[in-house]
Amino acid sequence: MTAQQTPIGSGFGATTTATEVLEGIDLTGRVALVTGGYSGLGLEAVRALVGAGARVVVPARRREVADEALAGLEGVTTDELDLADLDSVAAFAERRLADGTRLDMVVDNAGVMACPLERVGPGWERQFATNHLGHFALVNRLAPLLDDTSRVVSVSSRGHHFSDLDRDDVHYEHRAYDKWRAYGQSKTANVLFAVGLAARGVRAFALHPGGIMTPLQRHLPREEMVALGWQDEDGNPGPAAANFKTPEQGAATETWAATSPQLVDLTGVYLEDCEVAVAVDTSTPPDSRGGYPGGVMPYATDPDAAEWLWRTSVEATGVDGFTR
């Protein structure tokens with residue numbers, strides 16, 4: 001297996017939907033776990049997976065909301081999970097281990113974006129805790145249910161361009177909080193988690209799903225979305241929204257990562273638009289927010305950074321389910 005950021009000519013693209021990447025793929029007998037699988041992209045991914053025959057477990061912080069959103073979908077089971085609470089993560093994992101059902105796919109889809117500074121657990125910054133540490137603990141605790149054909153999919157974002165890891169102050173204890181840099185750091189961690197898993201023999205992928213209007217934007221004030229061009233003053237789509245994907249299109253890359261036979265010889269790579277992304281040429285200047293049109297930042301696929309993050313995450317969560 002390789003981890004080179006070289007496009008493979010998948011034949012798919014930015015407008016491909018989750019259902020389209022599953023055409024001709026029979027997932028009967030396969031079991032997937034999708035965090036955040038009851039709204040936005042996660043819900044569309046669950047619909048597509050179920051449509052192809054998979055059984056899907058959807059853990060949710062608000063289980064009653066998940067049950068309502070997923071009503072009528074055959075083969076879906078919900079359970080309780082708060083990724084920002086390691087006791088909740090441990091309890092959920094124990095229930096899955098007691099059940100003993102093998103997991104073919106774990107899609108780390110849930111997350112928060114650009115929220116105000118909030119401390120959770122032992123004082124962790126919420127975005128890093130929810131987007132990375134919660135998923136790190138979850139996957140490591142579920143390791144006995146994975147085998148060498150299972151896939152772990154880490155839903156990152158092009159927002160990882162906004163920030164590398166700050167190894168001296170991951171939780172913003174000594175510097176001014178910046179919600180977008182904090183988000184970017186957590187999304188960099190999502191990519192590095194896939195790199196760390198790949199180094200331990202797990203078939204793992206990270207990805208940018210694309211720009212999509214989903215509940216992920218719930219922390220952004222209207223005036224900020226207007227300034228970004230996402231909406232106008234009346235809440236209608238703004239000029240930048242012309243480049244947004246539909247939720248069905250946004251769910252395609254994570255669904256492709258979880259299922260495609262085109263990726264059978266790959267691991268630890270970053271994907272976008274249902275394709276292996278190229279590395280960003282950082283000799284060119286970024287935009288005003290620190291981002292580039294596409295691709296993965298070299299710091300997000302650095303093996304040494306991935307190992308530092310793995311050690312730090314083990315120390316934080318007390319969990320290490322994989323050997324190297």
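What about R30, is it among the basic types (K, R) and within 26 Å of V264 (Cβ to Cβ)?
Details: among the basic types (K, R): yes; within 26 Å of V264 (Cβ to Cβ): yes.
The answer is yes for R30.
Take residues that are exposed (fewer than 15 other Cβ atoms within 10 Å of the Cβ) and tell me which of the helices (runs of 4 or more DSSP H) falling wholly in the range 240-324 contain 3 or more. Working first, answer last.
Numbers: elements: 247-250, 252-259, 303-317.
The helices (runs of 4 or more DSSP H) meeting that bar are 303-317.
Regarding G40, is this residue surrounded by 20 or more Cβ atoms within 10 Å (Cβ to Cβ) and modelled with pLDDT under 95? Write out each step before concluding.
Details: surrounded by 20 or more Cβ atoms within 10 Å (Cβ to Cβ): yes; modelled with pLDDT under 95: yes.
Yes: the conditions hold for G40.
Select from the range 10-51 the residues that are closer than 13 Å to P247 by Cβ and among the small types (G, A, S) and list them in ascending order.
Scanning the range 10-51 gives A18, G36, G37, S39, G40, G42, A45, A48.
Restricting to the range 1-35, and then to whatever is of a type in the set (V, I, T) and in a loop (DSSP other than H, G, I, E, B), can you tell me which residue is surrounded by the most Cβ atoms within 10 Å (Cβ to Cβ)? Before the answer, list the steps.
Taking the range 1-35 as the starting set, the residues that turn out to be of a type in the set (V, I, T) are 2, 6, 8, 15-17, 19, 21, 25, 28, 31, 34-35.
Keeping just the survivors that are in a loop (DSSP other than H, G, I, E, B) gives 6, 8, 15-17, 25, 28, 35.
Details: T6: 11, I8: 15, T15: 14, T16: 21, T17: 21, I25: 16, T28: 9, T35: 25.
Within the range 1-35, the match that is surrounded by the most Cβ atoms within 10 Å (Cβ to Cβ) is T35.
Across the range 172-209, what is the number of residues that are part of a loop (DSSP other than H, G, I, E, B) and surrounded by fewer than 24 Cβ atoms within 10 Å (Cβ to Cβ)? Break it down stepwise before answering.
We begin by selecting, within the range 172-209, every residue part of a loop (DSSP other than H, G, I, E, B); these are 172-178, 200-202, 209.
From what is left, the residues that are surrounded by fewer than 24 Cβ atoms within 10 Å (Cβ to Cβ) are 172-178, 200-202.
Final tally of qualifying residues: 10.
Report yes if some residue within the range 45-56 is at pLDDT 95 or above, among the aliphatic types (A, V, I, L, M), crowded, with 24+ Cβ neighbours inside 10 Å and part of a loop (DSSP other than H, G, I, E, B); otherwise report no.
Looking for residues that are at pLDDT 95 or above, among the aliphatic types (A, V, I, L, M), crowded, with 24+ Cβ neighbours inside 10 Å and part of a loop (DSSP other than H, G, I, E, B), one finds at least one in the range 45-56, hence yes.
For A84, only one of the following conditions fails: (1) aliphatic (A, V, I, L, M); (2) crowded, with 24+ Cβ neighbours inside 10 Å; (3) in contact with a strand residue (DSSP E or B) (Cβ under 8 Å, 6 or more places away or on another chain). What is its number?
Result: A84 passes all but (2).
Restrict the check to the range 280-295 and report whether at least one residue is closer than 23 Å to T35 by Cβ and in contact (Cβ under 8 Å) with a residue 24 or more places away in the chain.
The first filter runs over the range 280-295 and keeps only residues closer than 23 Å to T35 by Cβ, leaving none.
No; the residues of the range 280-295 include none that is closer than 23 Å to T35 by Cβ and in contact (Cβ under 8 Å) with a residue 24 or more places away in the chain.
The values are calculated or read from the model by the stated rules, or taken from the named source; none is laboratory data. Just so it is clear, the model here is predicted, and its values are computed rather than measured. Positions of Cβ are backbone-derived with ideal geometry, glycine not excepted, and every protein chain shown enters the neighbour counts.
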